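Peer 1: Got a structure for you, written out below as structure tokens; questions coming shortly.
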Amino acid sequence: MKGIAFLSLPPWFCGALEENFAREKRMMWKWLGALLLFPVQMVYLVVKAAVCLLLPPKLRDLSRDNVLVTGGGRGIGRHLAREFARRGARKIILWGRTEKCLKETTEEIRMMGTECHYFICDVGNREEVYRQAKAVGDITILVNNAAVVHGKSLMDSDDDALLKSQHINTLGQFWTTKAFLPRMLELQNGHIVCLNSVLALSAIPGAIDYCTSKASSFAFMESLTLGLLDCPGVNATTVLPFHTSTEMFQGMRIRFPSLFPPLKPETVARRTVEAVQMNQAFLLLPWTMHVLVILKSILPQAALEEIHKFSGSYTCMNTFKGRT
Ligand SMILES: NC(=O)c1ccc[n+]([C@@H]2O[C@H](COP(=O)([O-])OP(=O)(O)OC[C@H]3O[C@@H](n4cnc5c(N)ncnc54)[C@H](OP(=O)(O)O)[C@@H]3O)[C@@H](O)[C@H]2O)c1
């Protein structure tokens, strides 16, 4: 009966069925092709990256770039301003809270022959960021560098201090990026840089506000970097340095300082600007931190706890005297 019913279907319906069947078949071949191509693509990209490591890199020419560095008055931010100026950036804008440092850095950059201006801007204050962004004009490289650390455990931290570090270290980047990214997309020319920290990937006790804010800022940058894949000319770089000798973590002690010496801020700045020029998405400093990331993903928790105790990272914040 069924066969007879099918045979008696109108010809236009049978035609539609056949067309549908052919489309499904084509889709299946397409999917199968993509599935087979995927591992080949992966091998190609890994080999390409390895070969690129051996070749002299193609560097971004900074001579038409207006660079804004948040927290540019001192520490790594000041070195970043110097490095961008040394490498020929057209204009440098510094944001920060302390006028004295901003003024000193601005004068130094001008002495190097590069146009430089500073603005007092608290990146944790959304209205202030949007207002100052209008005053600054077009920015093609935004460096989210400003951050604070309170250096206390959760129960010892007062609520306002906990909120403050999230506002500055994480949300501040939302506001600065929202302020400058639309114009970068319009110009099809822009780069968002984040000075993150290795503590985003491996937290320590005694800096719970900081580690939380950096981990969340890392997720922000990962999401942003992927989101920019379809945006020609606009890219992102996230730098994750180990302890660096600035005022930020003053007093912090690790157990084997000669084995794991702090990085110099000028090294972090140089490697950061190089990463921007080479359009590198993520940079761990020093490269040995990759070992930490691998260990973290394979060792059991008890072994990781022993590493923290042995290296002294478990108690390193007990002597912390930093400034916020
Ligand atoms: N030092 C380290 O061991 C280390 C390690 C890894 C990553 N990092 C990261 O590197 C970046 C720079 O750190 P650093 O060592 O140079 O620290 P730093 O010497 O303490 O400098 C921090 C900078 O952030 C600015 N800042 C703080 N709050 C701000 C706010 N609300 N609005 C605007 N600017 C603000 C400060 O300027 P004002 O004082 O004028 O506000 C200062 O210029 C940070 O993102 C930090 O997390 C540091």
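The values are calculated or read from the model by the stated rules, or taken from the named source; none is laboratory data. Small disclaimer: the values here were computed from a predicted structure and weren't measured. Methodologically, a virtual Cβ is constructed for each residue, glycine included, from the backbone with ideal geometry; neighbour enumeration extends over all protein chains shown. For the accessible areas, the whole protein counts, side chains as well, though only heavy atoms, and no ligand, DNA or RNA atoms are used. Shrake-Rupley method; radii C 1.70, N 1.55, O 1.52, S 1.80 Å.
Peer 1: Determine, yes or no, whether G88 is in the same structural domain as P241 (by TED's automatic domain parsing), within 13 Å of the ligand (Cβ to nearest atom) and at positive phi.
Peer 2: No; evaluated as a whole, the condition is false for this residue.
Peer 1: Return yes or no: is I76 near the ligand (Cβ under 9 Å from one of its atoms) and surrounded by 24 or more Cβ atoms within 10 Å (Cβ to Cβ)?
Peer 2: Yes; evaluated as a whole, the condition is true for this residue.
Peer 1: Six or more apart or on different chains, Cβ atoms under 6 Å: show the pairs whose first residue is in the range 46-58 and at pLDDT below 85 and whose second is open to solvent by 70 Å² or more (accessible area, probe 1.4 Å).
Peer 2: Filtered contacts from the range 46-58: P57/M278.
Peer 1: Restrict the check to the range 316-323 and report whether at least one residue is within 28 Å of A85 (Cβ to Cβ) and touching a Ser or Thr at 6+ places or on another chain (Cβ under 6 Å).
Peer 2: no
Listed here are the residues, each with its yes/no results for (1) away from the ligand (no atom under 13 Å from the Cβ); (2) open to solvent by less than 30 Å² (accessible area, probe 1.4 Å); (3) within 21 Å of A269 (Cα to Cα).
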| site | (1), (2), (3) |
| --- | --- |
| A200 | no, yes, yes |
| D209 | no, yes, no |
| P232 | yes, no, no |
| T238 | no, yes, yes |
| P241 | no, yes, yes |
| L259 | yes, no, no |
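Peer 1: Considering only the range 174-198, how many residues are more than 10 Å from the ligand (Cβ to nearest atom) and in a helix (DSSP H, G or I)?
Peer 2: 13
Peer 1: Related question: Do any helices (runs of 4 or more DSSP H) lying entirely in the range 222-324 carry at least 2 residues that are touching a residue at least 24 places away in the same chain (Cβ under 8 Å) and either touching a His at 6+ places or on another chain (Cβ under 7 Å) or of a type in the set (A, V, I, L, M) (or both), and which ones are they?
Peer 2: Once the helices (runs of 4 or more DSSP H) in the range 222-324 are filtered for at least 2 residues that are touching a residue at least 24 places away in the same chain (Cβ under 8 Å) and either touching a His at 6+ places or on another chain (Cβ under 7 Å) or of a type in the set (A, V, I, L, M) (or both), what remains is 265-277, 289-298.
Peer 1: Follow-up question, since we're still on this one. Check whether at least one residue in the range 150-165 is part of a loop (DSSP other than H, G, I, E, B), small (G, A, S), open to solvent by less than 20 Å² (accessible area, probe 1.4 Å) and under 28 Å from V291 (Cα atoms), and report yes or no.
Peer 2: Scanning the range 150-165 turns up at least one residue that is part of a loop (DSSP other than H, G, I, E, B), small (G, A, S), open to solvent by less than 20 Å² (accessible area, probe 1.4 Å) and under 28 Å from V291 (Cα atoms).
Peer 1: Among (1) away from the ligand (no atom under 16 Å from the Cβ); (2) charged (D, E, K, R); (3) over 26 Å from the mean Cα position of the chain (by Cα), where does K321 come up short?
Peer 2: Evaluating K321 over (1) away from the ligand (no atom under 16 Å from the Cβ); (2) charged (D, E, K, R); (3) over 26 Å from the mean Cα position of the chain (by Cα) leaves (1) as the failure.
Peer 1: Just give me the residues in the range 276-288 being closer than 14 Å to N196 by Cα and crowded, with 18+ Cβ neighbours inside 10 Å, in sequence order. Lay out the reasoning, then the answer.
Peer 2: Residues of the range 276-288 that are closer than 14 Å to N196 by Cα, as a first pass: 281-286.
Once the filter is applied, which keeps residues that are closer than 14 Å to N196 by Cα and crowded, with 18+ Cβ neighbours inside 10 Å, the range 276-288 yields L283, L284, L285.
Peer 1: Quick check on A49: is it touching a strand residue (DSSP E or B) at 6+ places or on another chain (Cβ under 9 Å) and small (G, A, S)?
Peer 2: Numbers: touching a strand residue (DSSP E or B) at 6+ places or on another chain (Cβ under 9 Å): no; small (G, A, S): yes.
Answer is no for this residue.
Peer 1: Continuing with the same structure: Regarding A219, is this residue free of Cβ contacts under 8 Å to residues at least 12 places away in the same chain, in a helix (DSSP H, G or I) and open to solvent by less than 60 Å² (accessible area, probe 1.4 Å)?
Peer 2: Numbers: free of Cβ contacts under 8 Å to residues at least 12 places away in the same chain: yes; in a helix (DSSP H, G or I): yes; open to solvent by less than 60 Å² (accessible area, probe 1.4 Å): yes.
It is true that A219 is free of Cβ contacts under 8 Å to residues at least 12 places away in the same chain, in a helix (DSSP H, G or I) and open to solvent by less than 60 Å² (accessible area, probe 1.4 Å).
Peer 1: Which numbered condition in (1) more than 13 Å from the ligand (Cβ to nearest atom); (2) open to solvent by 50 Å² or more (accessible area, probe 1.4 Å); (3) touching a Phe, Trp or Tyr at 6+ places or on another chain (Cβ under 9 Å) is the only one that T225 fails?
Peer 2: (2)
Peer 1: Let me ask something else about it. For the list (1) assigned to a helix (DSSP H, G or I); (2) farther than 30 Å from H243 by Cα, I need the number of the one condition that R82 fails.
Peer 2: Just one mismatch for R82, condition (2).
Peer 1: Can you give me the number of residues within the range 150-171 that are basic (K, R) and either within 14 Å of the ligand (Cβ to nearest atom) or at positive phi (or both)?
Peer 2: Step one: of the range 150-171, the residues basic (K, R) are 152, 164.
Narrowing further to those that are either within 14 Å of the ligand (Cβ to nearest atom) or at positive phi (or both): 164.
Counting residues in the range 150-171 that are basic (K, R) and either within 14 Å of the ligand (Cβ to nearest atom) or at positive phi (or both) gives 1.
Peer 1: Something else now. Name the residues in the range 124-137 that are in a loop (DSSP other than H, G, I, E, B) and either modelled with pLDDT of 95 or more or within 10 Å of the ligand (Cβ to nearest atom) (or both), would you?
Peer 2: G124, N125
Peer 1: Let me ask something additional. For the range 100-115, give me each residue that is within 15 Å of the ligand (Cβ to nearest atom), surrounded by 13 or more Cβ atoms within 10 Å (Cβ to Cβ) and over 17 Å from N145 (Cα atoms).
Peer 2: The answer is K103, E104, E108, I109.
Peer 1: Evaluate the following for S216: is it more than 16 Å from the ligand (Cβ to nearest atom), at pLDDT 95 or above and among the polar types (S, T, N, Q)?
Peer 2: For S216, the condition - more than 16 Å from the ligand (Cβ to nearest atom), at pLDDT 95 or above and among the polar types (S, T, N, Q) - is not met.
Peer 1: Which one of these does I141 not meet: (1) out of contact with any His (no Cβ under 7 Å at 6 or more places or on another chain); (2) surrounded by 18 or more Cβ atoms within 10 Å (Cβ to Cβ); (3) farther than 30 Å from T319 by Cα?
Peer 2: If we test I141 against (1) out of contact with any His (no Cβ under 7 Å at 6 or more places or on another chain); (2) surrounded by 18 or more Cβ atoms within 10 Å (Cβ to Cβ); (3) farther than 30 Å from T319 by Cα, just (1) comes out false.
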